[in-house]
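Written out below as structure tokens is the structure these notes cover.
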Amino acid sequence: MADLWWIYSKPVPADGRELWTLFLQCSCITAVIGGLFYNWMFASLGYSWHLSVALAVSFSLLLLLTLLLVHPARCVFSMIMPTLGTKQGRKLLFSTCIMIAVVNITPNIMGNIKTILQVIKCICKNSSDSLLNSTALLEKVSWEFGDAIQEAIPSIYKPMNGHFRFSLLQNSSLIYQKMHLAGEKISREFLSVEVLVKDSIRVANRLAAGFFMLYLCFESTWYLKNYLTNLRFDNFYITKKLERLAMDRKAAHLLVGSSKKLIRPTGLKLSWEEVVQCLLQAMLVTVALLLLLLVVAMDHFTFSVADTAVRKAAQFSAVPITLSIKYKVSAGVSCPALPFFRRPSEELLLVDFNRTYQHHLILSSAHCRISPPTPPNPSVLLVLGLLFCILYATVFLEAFARRLCRGIAASFFQSREEQRVLCLYRKLSRSHRKE
């Protein structure tokens, strides 16, 4: 492994064997990265498979030529891997989490909201149907009422017609049509809003993912540039070369006295600045986790409401309506204006009419087309949970990832590393003399 890394990090291969070894190394790397790039384009960002394949193949060929011919590019690419453990890598993971939520959780929420709207539409349609059918009962009652009046009252007092006419049933088809058009309009508007939200979030996530990927490359390039141009940049580690230099110059006490300021790149000790940075990044990850948990809770809430609405709608019983009619009719003749006409008042008492009519107001029906509510997908929650575990891990591994970046840069540019070690040694010597 040491020999393979030595060949990979050398500026120019020494012979044909090293050249073929470097070519095989770069080919394996580009094959793996091309496959990951295709999966990222197709599964995470939602591009079509043929576009993903074309971009992955083009990217792999370009990457192979770049790694094979450009020595600093190999260093930058090697530093991209540990840089994924820093805040730039977390941004890419955040982008992946957002895309997973958009593709899997948001449609589930929309589908359950549709189910709730279908239940409301079904109840409104059936209750209106039942209400319109109740007018037939009223018409029946009115005709029986009129027939009773016609039969009970003598011909001298009989009215011309005792019936009522209801014209509400004639407009039932118009009411159904308007309700259907209103439901279709709401469905179209709801679908257009759903598509607009999904497309907007997908486009924004693609742009953010592309920006974060480019910025990830920029971050590695920026680190290498500072490493090569600034001798004091990220230079506070007790490396083996520094220990060897101190031993050769018989100044090992410099490293012992400065142990509070310097750390070992292979150790687990974190400086105070690194601890504070980890805590701040952990707070940001927690805020993002809370926002995602809010979306997940909304998914569970809409499913619970939709499931309850479907079950309760199926259990709705018909609401009984009782119409009781009680009436009494009497008729009489009296002439109080004629004092000499002393005929007593004559009153005709009809038989009491007491009838009860039953009707049922139906709120739900088995003929309603209601799509079943969709429960939250546990596999999606598991994937999101694993991604956030990785995010929290990268928060505390960021300092070690930065140390690994420094080790990679030192292996690619060993002469520069010797200059940086000498600069750090002189700094420690000046500090010791001042003390």
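Of the residues Arg433, Arg311, the one with the largest accessible area comes first in the ranking Arg433, Arg311, computed with a 1.4 Å probe on protein heavy atoms.
In the assembled protein chains, Met81 presents an accessible area of approximately 80 Å² (probe radius 1.4 Å). In this structure, the residue pairs whose Cα-Cα separation is over 19 Å, taken from Lys114/Lys312; Lys125/Lys198; Lys125/Lys185; Lys125/Lys178, are Lys125/Lys198. For Val287, the shell of other residues with beta-carbons less than 15 Å away shows a net charge of +3, using +1 for Lys and Arg and -1 for Asp and Glu. What residues of the stretch 8-46 lie in the reach of a label at Asp199, counting those whose backbone N is under 18 Å from a point 7 Å from the Cα along Cα→Cβ? Within reach of a label on Asp199, which here means backbone N under 18 Å from a point 7 Å along Cα→Cβ, the stretch 8-46 contributes 46. Counting only heavy atoms of the protein chains and using a 1.4 Å probe, Ser304 has close to 60 Å² of accessible surface. Near Pro372: Cβ cut-off under 15 Å, other residues only, Lys/Arg at +1 and Asp/Glu at -1. The net charge is +3. You can think of it this way: the chain between Ser379 and Asn230 has 48.9 nm of extra reach, that is 0.36 nm per residue less the Cα-Cα gap. Full extension of the segment from Ala54 to Arg311, taken as 0.36 nm per residue of separation minus the current Cα-Cα distance, would add 87.6 nm.
Under 5 Å between amide hydrogens, built in the peptide plane, is the criterion, and for Ile321 it picks out His359, His360, Leu361 among residues at least 5 positions away or on other chains.
For Leu191 and Cys278, the difference between the fully extended length at 0.36 nm per residue and the C-alpha to C-alpha distance is 27.0 nm.
Taking Cβ atoms as reference points and 13 Å as the exclusive limit, the residues near Leu216 contribute a net charge of +2, counting Lys and Arg as +1 and Asp and Glu as -1.
On the basis of the beta-carbon distance and an R0 of 22 Å, Ile120 and Leu361 show a calculated FRET efficiency of 0.85. With the simple spin-label model, which puts each label point 7 Å out from Cα in the Cβ direction, the Leu84 to Lys269 separation comes to 3.1 nm.
Measuring with a 1.4 angstrom probe and ignoring ligands and nucleic acids, Tyr327 comes out at about 40 Å² accessible.
Of all lysines in the structure, the ones whose alpha carbon falls short of 23 Å from that of Lys326, not counting any fewer than 8 places away in one chain, are Lys140, Lys158. Residues in the stretch 106-114 carry Karplus couplings, in order, of 4, x, 5, 5, 4, x, 5, 5, 4 Hz; the curve used is 6.51 cos²θ - 1.76 cosθ + 1.60 with θ = phi - 60°, and Gly or Pro positions show x.
The values are calculated or read from the model by the stated rules, or taken from the named source; none is laboratory data. What you are looking at is a predicted structure, and each value in this text was computed from that prediction instead of being measured. Virtual Cβ from ideal backbone geometry, glycine too; neighbours counted across all protein chains shown. For accessibility, only protein heavy atoms count, side chains too; no ligands or nucleic acids. Shrake-Rupley method; radii C 1.70, N 1.55, O 1.52, S 1.80 Å.
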